[in-house]
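Take a look at the structure below.
FYI, it's all coordinate maths here, none of it is from the lab. Note that the structure is predicted; figures quoted are calculated from it, not measured.
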Amino acid sequence: MKIVIALSLTIAAGVAFGADDKQTARTGVPSDVAKIISVTDTTQACGIVPVEMVYQDSKGARRVATYMEEGGGCQTN
C-alpha cells in the first residue's frame with residue numbers, strides 16, 4: 001500500500017509541475033496518468049523485482065508501464 005501511495009504522489013508531483021503529457025518522468029513512470037487500475041504487489045518479493053502498472057491516461061486509453069522496484073518482503077535476522 002505504501003508503494004501505491006508513493007507512486008501516486010510521484011505522479012501527482014509530475015503533473016503539478018506542468019510535465020508534458022507525452023514525456024516520461026525520470027523514474028520511468030509516465031506523467032499522464034488519470035487513473036491507476038492495478039500495480040504488481042511486491043510486498044512478498046525480496047530484492048529488485050519488475051513491476052507492472054496498468055493505468056488509464058487522460059484520453060481514456062489503457063496503458064502499461066513497467067519498471068524495477070525493491071520488494072518489501074526481505075527479512076533480516
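Observations
- Once backbone amide H atoms are built at 1.01 Å from N, ALA45 has GLY72, GLY73 as its partners under 5 Å, excluding neighbours fewer than 5 places away on the same chain.
- Taking θ as phi - 60° and the Karplus parameters 6.51, -1.76 and 1.60, the scalar couplings of region 54-68 work out to 9, 9, 10, 7, 5, 9, x, 7, 8, 10, 10, 10, 10, 8, 9 Hz in sequence order, x denoting glycine and proline.
- Other-chain or far-sequence residues with amide H under 5 Å of GLU69's (modelled H): VAL49, VAL51
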